[in-house]
Amino acid sequence: MALLHILHYPDPRLRVKAAPVDQVDEAVRRLVDDMFETMYDAPGIGLAAPQVNVARRIIVLDVSEKRDEPLALINPEILHQEEREKMEEGCLSVPGIYEMVERAARIRVRALDPDGRPFEMEAEGLQAVCIQHEIDHLDGRLFVDYLTEMKRRRIRKKLEKLRRHTM
Ligand code: NI
């Protein structure tokens, strides 16, 4: 296993639309393991492959209190969503920034597991938010895109300043 480098906003590579995985093989499983290690180490509750510069439709998450319920979704698709709710979000690619975002409160998702088997699941609350946030990454979308241009500009400035001080 290996820790992967996480890209930071406004890196243009975070804007690439990720391609579907056509075969869940050993290389994909290795990537999933490395993504889990990177996510737990960060620490974060979710990570999408484009954040570690791999333009493939793979996300990992763990929203459990004890951090012992890893969930990997390959080629995830939202089949159904209902109700809306606002929750505070952050992102490993936008360090130190937390803002309220409105998303579906409950979703039904279809994906492949790390053995290549298709499955469906329902999610709500934080898990539903996290899955939608990570799927956005696969389409080159970031949670800051839901904010006003003024807020986004302020965040960019803050991150640029942070970068200057941590070289
Ligand atoms: Ni994120």
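The numbers here are math on the coordinates, done by the rules we state, and not lab data. Source: prediction; values computed, not measured. As a convention, Cβ positions derive from the backbone with ideal geometry for all residues, glycine included, and neighbour counts pool all protein chains shown.
Placing a label point 7 Å from the Cα of E85 along the Cα-to-Cβ direction, the residues of segment 125-143 with a backbone N closer than 20 Å are 125-136, 143. Here the Karplus relation 6.51 cos²θ - 1.76 cosθ + 1.60, evaluated at θ = phi - 60°, turns the backbone of segment 58-65 into coupling constants of 9, 10, 10, 7, 7, 9, 6, 4 Hz, with x for every Gly and Pro. Could you check how many percent of all C-alpha pairs in the chain are farther apart than 26 Å? Result: 24 percent of Cα pairs exceed 26 Å. In this structure, the amide hydrogen of E89, modeled 1.01 Å from its nitrogen in the peptide plane, lies closer than 5 angstrom to those of E99, M100, V101, counting only residues at least 5 positions away or on a different chain. From least to most packed, judged by other beta carbons within 10 angstrom and beginning with the fewest, C91, C130 follow the order C130, C91. Spatially, segment 1-69 and segment 89-167 are offset by 12 Å when compared through their Cα centroids. Judged by the gyration tensor of its Cα atoms, with axes a ≥ b ≥ c, segment 39-97 is rounded; a/c sits under the 1.5 cut.
Shape class of segment 1-94 from the Cα gyration tensor (axes a ≥ b ≥ c, square roots of the eigenvalues): rounded, since a/c falls below 1.5. Note on M121 and E77: the extension gain reaches 14.8 nm, defined as 0.36 nm multiplied by sequence separation minus the Cα-Cα distance.
The phi-based Karplus calculation (6.51 cos²θ - 1.76 cosθ + 1.60; θ = phi - 60°) puts the 3J(HN,Hα) values of segment 152-161 at 4, 5, 5, 5, 4, 4, 4, 5, 5, 5 Hz, whole numbers, x for Gly and Pro.
Structure remark: mean-square fluctuation, Gaussian network model of the chain, C-alpha springs under 10 Å; the largest value among E120, E83, E65 belongs to E65. Ordering S93, S64 by the number of other Cβ atoms within 10 Å of each residue's own Cβ, fewest first, gives S64, S93. Each of H137, H8, H165 was scored by other Cβ atoms within 10 Å of its Cβ. Arranged with the fewest first, they read H165, H8, H137.
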